[in-house]
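Working notes, structure below.
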Amino acid sequence: MENPPAIQATDLRKTFRDFWRRPRVEAVRGISFAVPAGQVFGLLGPNGSGKSTTIKMILGLLFPTAGRLDVLGDAPRAVAVKSRIGYLPEESYLYPHLTPAETLAFYARLFRLPRAVARDRIEQLLEMIGLAHARNRPVGEFSKGMARRIGLAQALLNDPDLVILDEPTAGLDPQGTRQVKDLILALAARGKTVLLTSHLLADVEDVCAQVAILFNGRLLAQGTLDALLAQKDKTTLTFPTPADPATLRQVLAAARAALGADPDVDHPRQALEPFFLHVVATAARDGAASGAVPAAPLAPFLQK
Amino acid sequence: MGGAVQFRAIARLAALEAIRRPVFLLVSLSVLVGIVALPLLLNYTLGDSARMVRDSALALYFAGGLLLAAHAAGEALARELRRGTAAAVLAKPVSRATFFLAKTAGVAGALFLYSLAAWAAALLAARAGADDLRLDWAAEGPALLAVTLAPAVAGAWNHRTGRPFASAAFFLLLAFLLAALAVAAFFPTPLERLAFPANFAWPLLGVGLLLYFALGMAVALAAALATRLPVTPVLLLCAGLFLFGLMADYFLGPHLADSCAARAAYALLPNVQAFWLLDALDGGAHVPADYLAAAAAYAAAWAAAALALGCASFRRLEIAG
Ligand SMILES: Nc1ncnc2c1ncn2[C@@H]1O[C@H](COP(=O)(O)OP(=O)(O)O)[C@@H](O)[C@H]1O
Ligand SMILES: [Mg+2]
């Protein structure tokens with residue numbers, strides 16, 4: 001028996017109305033999808049396609065106009081189920097006068113974490129997001145990336161089974177982005193379900209097992225990345241570049257003879273991200289870092 | 001109970017947020033400076049200055065409080081909804097009712113602190129202006145010092161630490177006014193040589209408490225309205241309704257016998273008149289305890305009804321943040 005899906009949406013619709021109850025925007029127009037438990041699921045789409053609206057319905061903040069929605073086997077508006085969910089909202093969501101430690105302590109109380117547990121987790125999370133040194137500054141002064149990291153910490157305080165991240169990498173620098181992606185993969189490796197939205201395709205490609213593509217409130221495609229992207233009718237072959245150009249010509253001639261078609265020849269290119277990270281990491285090792293401190297991959301309490 | 005932990009956390013933050021808003025400091029500072037300045041303005045001018053100082057101080061307190069109640073309660077919800085913090089909080093295992101009630105309680109708490117400061121200022125001003133021809137500087141001096149020193153010290157602290165100025169100034173105002181009260185308590189009044197506790201007009205506190213009950217009703221109403229309306233209409237509706245409630249006897253009284261609508265309006269309107277007992281102070285007597293209890297019960301029932309409506313409305317509100 002397979003696990004039931006963490007989230008199941010059936011013919012979900014949302015029409016925003018104005019003050020006079022007149023329909024104004026059809027933000028979501030009948031979408032159905034299932035987020036399998038223990039997987040990373042990406043909701044992809046351009047701005048305004050209805051991603052955030054869908055997520056807010058999953059959290060019970062917005063109410064669907066029609067359709068069914070099951071979240072961890074419960075209705076989205078059930079209060080108790082929220083203690084198993086972590087949510088990173090899309091935009092500003094922090095009390096500007098609180099410090100990171102105060103912010104996390106506030107949310108810990110909302111999760112009713114025992115005091116000692118809360119203190120422990122807050123320490124670990126501040127360490128993990130690399131903001132332990134800024135713990136006593138009001139978050140209103142923070143850059144967007146720093147605020148985003150606190151949002152992330154806040155979403156993980158309760159060690160959630162289902163993590164919902166709305167544009168998690170928006171506003172982060174490449175290291176921050178990489179860290180978030182590693183974090184998502186680490187969470188998934190521990191059997192957690194992650195639902196994330198993004199319009200940054202490279203980010204989604206790196207972490208998601210399954211994606212759904214949303215446009216104008218409709219689902220255009222969904223499935224596993226392998227199923228959607230693999231070109232089964234083509235094959236790539238990679239081998240060390242021969243010292244003698246003649247060898248290569250020989251190989252190509254053999255391929256042409258066997259396949260009856262000219263193969264494409266090219267040098268594989270390293271992706272920019274690992275290259276960039278490598279360059280920066282090398283520089284950081286030589287000199288003192290001044291910006292965000294590179295942080296631990298996953299807080300210990302999340303690894304248990 | 002876990003719900004109590006959440007309630008306290010949200011209420012405490014709501015109170016702090018309200019106090020940190022510059023408007024809060026602006027209004028409370030104006031009211032407190034106004035109250036403290038009353039003896040300077042009114043003494044030596046007409047007879048009966050004692051009564052005028054006392055009545056004006058309470059009127060200032062109530063008007064400022066009404067403004068703060070409506071504004072703070074409106075902002076507590078409207079701003080959180082706009083800023084997205086409400087979405088973040090309600091994505092946690094926090095029920096809508098807990099959120100709404102805790103926010104309202106927090107604003108009522110902030111207003112209580114404002115009331116403490118205003119009552120202290122009113123006691124000091126009433127004592128300083130008790131005599132038509134002579135200022136009691138043992139009360140007026142510390143009071144003036146408190147309201148001028150607090151913003152200055154808060155400014156210096158803000159300059160040094162960068163922490164919010166508005167809340168620091170407010171808390172210092174409160175602390176300094178209470179300290180001024182303590183200082184004044186040591187000195188007997190200049191004419192009759194009355195010593196503590198007779199050197200203050202304590203019955204004033206009873207009327208102040210009654211007015212605070214009315215402000216509590218205003219907070220509840222404003223919070224309920226704020227689930228559907230932006231801050232400005234909340235402010236106008238709330239202030240309008242309470243001022244009308246103050247004059248309800250005058251407008252509706254003559255029609256109560258023959259008009260159902262008038263009777264209904266009279267029953268539903270906040271009966272602010274019941275809390276406006278300034279004339280009772282003339283005899284120097286305390287407000288009777290059973291009157292206080294009855295007024296508290298009325299205010300609680302009225303506020304509970306407003307909060308129930310607000311809760312129901314908030315439960316069905318979509319958090320678009
Ligand atoms: N509160 C709202 N009221 C009216 N329209 C809204 C509201 N929120 C979102 N919309 C509209 O719904 C559509 C989808 O928005 P959204 O879900 O935020 O998109 P995405 O997150 O994919 O960028 C947009 O056209 C947006 O303008
Ligand atoms: Mg969005």
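Just so it is clear, none of the values below were taken in a lab; they were calculated from the coordinates. In this text the structure is predicted, and so the values were computed from the model without any measurement. For neighbour counting, all protein chains shown are included, and Cβ atoms are generated from backbone atoms with ideal geometry for every residue, glycine included.
Each of A:Trp20, B:Trp157, B:Trp302, B:Trp202 was scored by other Cβ atoms within 10 Å of its Cβ. Arranged with the fewest first, they read A:Trp20, B:Trp202, B:Trp157, B:Trp302. The three principal axes of the Cα atoms in segment B:179-225 give end-to-end lengths of 50, 20, 13 Å, sorted in falling order.
Quick check for you: which residues of segment A:159-198 have the amide N under 19 Å from the point 7 Å beyond the Cα of A:Thr238 toward its beta carbon? The answer is none. Across peptide B:162-174, the mean count of Cβ atoms from other chains lying within 10 Å of each residue's own Cβ comes to 1.
Helix B:2-20 and the longest principal axis of the C-alpha atoms of chain B enclose an angle of approximately 60°.
With R₀ set to 30 Å, the beta-carbon distance separating B:Leu26 from B:Ala267 gives a calculated FRET efficiency near 0.25.
For the residues A:Lys181, B:Lys92, what sequence is obtained by ranking on other C-beta atoms within 10 Å, fewest first?
On the way: A:Lys181 21, B:Lys92 25.
Going from least to most buried by this count: A:Lys181, B:Lys92.
Inter-chain neighbour count for B:91-102: the average number of beta-carbon atoms from partner chains within 10 Å of each residue's beta-carbon is 5. Summary of packing: across the peptides A:245-257, A:129-141, the per-residue average of other C-beta atoms within 10 Å ranks them, highest first, as A:129-141, A:245-257.
Mean silhouette area of segment A:109-221, derived from the convex hull of its C-alpha atoms and averaged over all directions, reads 8.5 nm². Of the complete DSSP H runs in chain A, those spanning 15 angstrom or more by Cα along the long axis with a mean Kyte-Doolittle score not below 0.5 are A:245-259, A:272-286. Ranked by the mean number of other Cβ atoms within 10 Å per residue, highest first, peptides A:49-59, A:232-242 order as A:49-59, A:232-242. Just subtract the alpha-carbon distance of B:Ser259 and B:Leu309 from 0.36 nm times their residue separation and send over the number in nm, one decimal. Extending this stretch completely gives an extra 15.4 nm.
Compared with the dominant principal axis of the Cα atoms in chain B, helix B:231-246 is inclined by about 50°. Ranked by how many other Cβ atoms sit within 10 Å of their own Cβ, fewest first, the residues B:Leu221, B:Leu246 fall in the order B:Leu246, B:Leu221. Segment A:201-256 and segment B:210-288 have their alpha-carbon centroids 73 Å apart. Remark on the protein assembly as shown: Rg and Dmax equal 32.0, 122 Å (Cα only).
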